[in-house]
Amino acid sequence: MSNSYHRNAVLALRDVVKTYEMGAEKVHALSGVSLDINRNEYVAIMGPSGSGKSTLMNIIGCLDIPTSGSYSLDGEMVANKSEGELAEIRNRMIGFVFQTFNLIPRADIFHNVELPLVYGGIPKAERRQRTEEAIEQVGLADRMKHKPNELSGGQRQRVAIARALVFNPSIILADEPTGNLDTKTGEEIMGMFDDLHAAGQTIILVTHEDNIARHANRAIHLRDGKIERDVVTSGDAAAA
Amino acid sequence: MNTTLDIVESFKIAWAAIIANKARGALTTLGIIIGIVAVTTTMTAFNGMQSSFSQAAGAIGVDVVYVSRMPWIVMNDFFDFRNRPNLNISEAQQLEKAFEGRAIVNPSIDTRRDLRFHSRTMEGVSIIGTTEKMPIITNRMPEYGRFLMEFDVRYKKNAAIIGYEVAEDLFGSVNPLNKEINIGRYTFRVAGVMEEQGGNTLGGPNFDRQVFIPISTFIKSFGGRRFMDVDIAVKASAISTLDDLEYEVIGEMRKIRKLRPTEPENFSINKLDSLLGAFNSIVGAVLGIGLLVTSIALFVGGIGVMNIMFVSVTERTREIGIRKAIGAKRRSILMQFLFESATICLLGGLIGILISAGLAAAINASGMMPASLSPGIMLASIIVSVVVGVFAGLVPAFKGARLDPIDALRYE
Ligand SMILES: Nc1ncnc2c1ncn2[C@@H]1O[C@H](COP(=O)(O)OP(=O)(O)OP(=O)(O)O)[C@@H](O)[C@H]1O
Ligand SMILES: [Mg+2]
């Protein structure tokens, strides 16, 4: 990796190890991952099942902390942060998009999208404005008062994207965002990520599928908890 | 983080969760409802008894000693008193003479008779034969007209001073003064109407349903031997303490009855204190039972709410994971569930207050005692139910707040 990565890096991992202890047995989900990702990169993390993709995403997303190694996000070291501080980092700097959408079923679309701002302590009027903007951005302005179960899968994932965007995060993390969608809807969702990337957003997504990975500009292949290959791709699907 | 925002949001979330589980919430609140009904009823009963007692206390007088055949509160030694001689009017007169200049002595006798004024009647009204000194003992005065006077007693006048309720029921809008009424078979002229005393007291006399007539007239008209048991009230004017007065009254009565020093008294001395003990034990029992029922109901209700909250936390494990992933801190999750359980209990409390208000109105209407739900009791109930809710929610809410976000997100 060249030095230019460092200067512009939004996140940097050094020798990150994650070990789970299952009784006497130790599972090395990540065994020494070093990685820099720059602002406005569009990265696909790939690899076989069990290779550590979700574990890596959880660490990048500050849902989990490494067993050893260091991780800095926007120049700040994440290790040794308290649970409350990690919650604040997740709140302000990271937007999650999950395979299973993970919307709150009882809350309507507006409230689902608004929630990060609520936890961020944003005043009501500003919350309202930013929430409406985010919902409009994903094209669901007419569904604000609907419950998630009244929407299609693709629409639900768009709500999740709006929620991830609403607090203007440093990175968007998507763990198999199209895994529960048919090909056509998946392409629509990927189109949305492409647009966000074009607008300057940093995006990291996990996928099994080459078609999906082709939207990104860089593919990181994991195997057995290690980076096997880290390649720059054309991003030709995005351009298409 | 802005706390007021947190509270408003927590409340909204709690409300939505409760609305989504109406039936379950309603069932859970039953224990809380019962607990709150128990606590308000107990406190209302307590207030009612207190006001009844202070009303009775005013009529009895704190500085008055009563000589009667029987003690006011007879426990289980009734047969010891049964053969006592009645107190008669001549003993009252001797006692009066003995205390001349040192104490007011006022005899009274009572019975029940029907009243009639033209076509209107009242049945079984308390008729009290007494003297002009009665108001000094009871501090009760006529609202208009006059009380009995010395000459009424001396000349056995057929004068009647009627209670407030008697005036209302028998005369309606007619002015009762100087009207003739029938008391049993005899005709009396109304000379005065007493101030309103406030109706019933707990099982005790209704001071507004009384008629006062001269004791001499009473004896002449209603005084068969059976009714000749006089009560004598003695109020000190120149004797310093109530104990001294009691001591002297006992001495004079023993003299009048010519009791030898070894003989026990065959009369009783009563005063407010003798009621106070009984009152306190009744109040104590009511409070004790009330608080026991209350705490059991609230405890059981609280356990129920705790259970529901455990279910609620488990059911929403994934939701907790989502909330944490997008930035909720432990405190926010804790607040969310505490608000939910407090709101469930508050709802139960409010329903309990409504039921209690209905009960109080029913008790009031039944005339057993004055009962109304005071704002203080309502506030106390609301506080109690919220506190129970917070305590019941504490452990489940902590369980939810401490969940690991990744585990919670993976929960199916
Ligand atoms: N909480 C855990 N406790 C124990 N082992 C775990 C835990 N989470 C993950 N692992 C193990 O760590 C390894 C990496 O898991 P991870 O979920 O990161 O894989 P993945 O690449 O996301 O796989 P998939 O494509 O199936 O989602 C696996 O062997 C998994 O069994
Ligand atoms: Mg995975």
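The values are calculated or read from the model by the stated rules, or taken from the named source; none is laboratory data. Remember, it's a predicted structure, so these values are computed and weren't measured experimentally. Methodologically, a virtual Cβ is constructed for each residue, glycine included, from the backbone with ideal geometry; neighbour enumeration extends over all protein chains shown. Accessible surface areas use protein heavy atoms only, side chains included; no ligands, DNA or RNA. Shrake-Rupley method; radii C 1.70, N 1.55, O 1.52, S 1.80 Å.
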Which numbered condition B:ALA191 fails, given (1) open to solvent by 70 Å² or more (accessible area, probe 1.4 Å); (2) more than 21 Å from B:GLY58 (Cα to Cα): (1)
Residue hits (the range A:146-165; basic (Lys, Arg), touching a residue at least 40 places away in the same chain (Cβ under 8 Å) and open to solvent by 20 Å² or more (accessible area, probe 1.4 Å)) are A:LYS147, A:ARG156
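Counting only residues that are surrounded by 12 or more Cβ atoms within 10 Å (Cβ to Cβ) and not in a loop (DSSP other than H, G, I, E, B), how many does the range B:244-270 have? Steps first, answer last, please.
Taking the range B:244-270 as the starting set, the residues that turn out to be surrounded by 12 or more Cβ atoms within 10 Å (Cβ to Cβ) are B:245-250, B:252-257, B:259, B:265-270.
Restricting the remaining residues to those that are not in a loop (DSSP other than H, G, I, E, B) gives B:245-250, B:252-256, B:268-270.
The qualifying residues number 14.
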Tell me, please, whether a residue that is buried (at least 21 other Cβ atoms within 10 Å of the Cβ) and away from ligand 2 (no atom under 16 Å from the Cβ) can be found in the range A:210-227. yes
Does A:ARG14 satisfy being more than 16 Å from ligand 2 (Cβ to nearest atom), within 16 Å of the chain's Cα centre (by Cα) and more than 14 Å from chain B (Cβ to nearest Cβ)? no
Failed condition for A:LEU103, given (1) outside any helix (DSSP H, G or I); (2) more than 16 Å from ligand 1 (Cβ to nearest atom); (3) touching an Asp or Glu at 6+ places or on another chain (Cβ under 8 Å), with all others met? (3)
Of the conditions (1) touching a helix residue (DSSP H, G or I) at 6+ places or on another chain (Cβ under 8 Å); (2) not assigned by TED's automatic domain parsing to the domain that holds B:SER356, the single one that B:ALA92 does not satisfy is (1)
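Do we have B:ASP80 as open to solvent by 80 Å² or more (accessible area, probe 1.4 Å), assigned by TED's automatic domain parsing to the domain that holds B:ASP229 and not in a loop (DSSP other than H, G, I, E, B) here?
Details: open to solvent by 80 Å² or more (accessible area, probe 1.4 Å): yes; assigned by TED's automatic domain parsing to the domain that holds B:ASP229: no; not in a loop (DSSP other than H, G, I, E, B): yes.
Taking the combined requirement at face value, the residue does not satisfy it.
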Scan the range B:383-412 for residues that are open to solvent by less than 10 Å² (accessible area, probe 1.4 Å), away from every other protein chain (no Cβ under 11 Å) and hydrophobic (A, V, I, L, M, F, W, C) and jot them down. B:ALA392, B:ALA397
Among all residue pairs at least 6 apart or on different chains, which show Cβ distances below 7 Å where the first residue, located in the range A:112-129, is more than 13 Å from A:ASN168 (Cα to Cα) and the second is among the acidic types (Asp, Glu)? A:VAL118/B:GLU9
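Output the helices (runs of 4 or more DSSP H) that fall wholly within the range A:150-240 and possess 1 or more residues being touching a Phe, Trp or Tyr at 6+ places or on another chain (Cβ under 6 Å), or say none. Even if it seems obvious, please write down each step before you answer.
Numbers: elements: A:153-165, A:183-198, A:210-213, A:236-239.
Filter on the range A:150-240 gives A:153-165, A:183-198.
Specify which of the listed residues (A:ILE89, A:ILE65) is among the aliphatic types (A, V, I, L, M), open to solvent by 50 Å² or more (accessible area, probe 1.4 Å) and without any contact (Cβ under 8 Å) to a residue 60 or more places away in the chain.
On the way: A:ILE89 fails: open to solvent by 50 Å² or more (accessible area, probe 1.4 Å).
Selected residue: A:ILE65, the only one of A:ILE89, A:ILE65 that is among the aliphatic types (A, V, I, L, M), open to solvent by 50 Å² or more (accessible area, probe 1.4 Å) and without any contact (Cβ under 8 Å) to a residue 60 or more places away in the chain.
Filter the range A:115-133 for residues that are within 18 Å of A:ILE161 (Cα to Cα) and surrounded by fewer than 18 Cβ atoms within 10 Å (Cβ to Cβ); which is nearest to the other protein chains (Cβ to nearest Cβ)? Spell out the reasoning first.
Step one: of the range A:115-133, the residues within 18 Å of A:ILE161 (Cα to Cα) are A:115-120, A:127-133.
Retained after the next criterion (residues that are surrounded by fewer than 18 Cβ atoms within 10 Å (Cβ to Cβ)): A:128-129, A:132-133.
Values: A:ARG128: 13, A:GLN129: 16, A:GLU132: 18, A:GLU133: 17 Å.
So, considering only residues that are within 18 Å of A:ILE161 (Cα to Cα) and surrounded by fewer than 18 Cβ atoms within 10 Å (Cβ to Cβ), the one nearest to the other protein chains (Cβ to nearest Cβ) is A:ARG128.
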For strands (runs of 3 or more DSSP E) lying entirely in the range B:120-196, having 3 or more residues that are closer than 24 Å to B:MET228 by Cβ and in contact with a Ser or Thr (Cβ under 8 Å, 6 or more places away or on another chain) picks out B:120-130
Could you tell me which numbered condition B:GLY172 fails, if it satisfies all but one of (1) closer than 27 Å to B:LYS271 by Cβ; (2) open to solvent by 10 Å² or more (accessible area, probe 1.4 Å)? (1)
Of these, A:ILE59, A:ILE65, which one is touching a strand residue (DSSP E or B) at 6+ places or on another chain (Cβ under 7 Å), more than 9 Å from chain B (Cβ to nearest Cβ) and over 30 Å from A:GLU132 (Cα atoms)? A:ILE59
When you scan the range A:22-73, how many residues do you find that are within 16 Å of ligand 2 (Cβ to nearest atom), at positive phi and under 18 Å from the mean Cα position of the chain (by Cα)? 2
Among residues of the range A:88-110, those that are hydrophobic (A, V, I, L, M, F, W, C), within 9 Å of chain B (Cβ to nearest Cβ) and over 12 Å from A:SER170 (Cβ atoms), counted: 5
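Yes or no, residue by residue, for (1) buried (at least 18 other Cβ atoms within 10 Å of the Cβ); (2) without any contact (Cβ under 8 Å) to a residue 60 or more places away in the chain; (3) β-branched (Val, Ile, Thr):
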position: A:ILE172; (1), (2), (3): yes, no, yes
position: A:ASP175; (1), (2), (3): yes, no, no
position: A:GLY179; (1), (2), (3): no, no, no
position: A:THR185; (1), (2), (3): no, yes, yes
position: A:MET190; (1), (2), (3): yes, yes, no
position: A:ALA198; (1), (2), (3): no, yes, no
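Select from the range A:18-67 the residues that are assigned to a helix (DSSP H, G or I) and within 8 Å of ligand 1 (Cβ to nearest atom) and write down the one among them that is farthest from B:ILE326 (Cα to Cα). If you could, list the steps in order and put the result at the bottom.
Residues of the range A:18-67 that are assigned to a helix (DSSP H, G or I), as a first pass: A:53-60.
Now drop any that are not within 8 Å of ligand 1 (Cβ to nearest atom), which leaves A:53-58.
On the way: A:LYS53: 20, A:SER54: 17, A:THR55: 17, A:LEU56: 18, A:MET57: 14, A:ASN58: 13 Å.
Here the answer is A:LYS53.
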Has the range A:178-197 got any residue that is within 16 Å of ligand 1 (Cβ to nearest atom) and touching an Asp or Glu at 6+ places or on another chain (Cβ under 6 Å)? no
All but one of (1) open to solvent by less than 10 Å² (accessible area, probe 1.4 Å); (2) within 14 Å of chain A (Cβ to nearest Cβ) hold for B:ARG331; state the number of the condition that does not hold. (1)
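Is one or more of the residues making up the range B:360-380 within 16 Å of ligand 1 (Cβ to nearest atom), open to solvent by 20 Å² or more (accessible area, probe 1.4 Å) and either more than 16 Å from B:MET306 (Cβ to Cβ) or within 14 Å of chain A (Cβ to nearest Cβ) (or both)? Break it down into steps so the answer makes sense when it comes.
So the first thing to find is which residues in the range B:360-380 are within 16 Å of ligand 1 (Cβ to nearest atom), and the list is none.
No, there is no match, as no residue in the range B:360-380 is within 16 Å of ligand 1 (Cβ to nearest atom), open to solvent by 20 Å² or more (accessible area, probe 1.4 Å) and either more than 16 Å from B:MET306 (Cβ to Cβ) or within 14 Å of chain A (Cβ to nearest Cβ) (or both).
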Condition first: among the polar types (S, T, N, Q), open to solvent by 50 Å² or more (accessible area, probe 1.4 Å) and within 30 Å of B:ALA14 (Cα to Cα). Now tell me which residues in the range B:271-313 satisfy that. B:SER295, B:ASN307
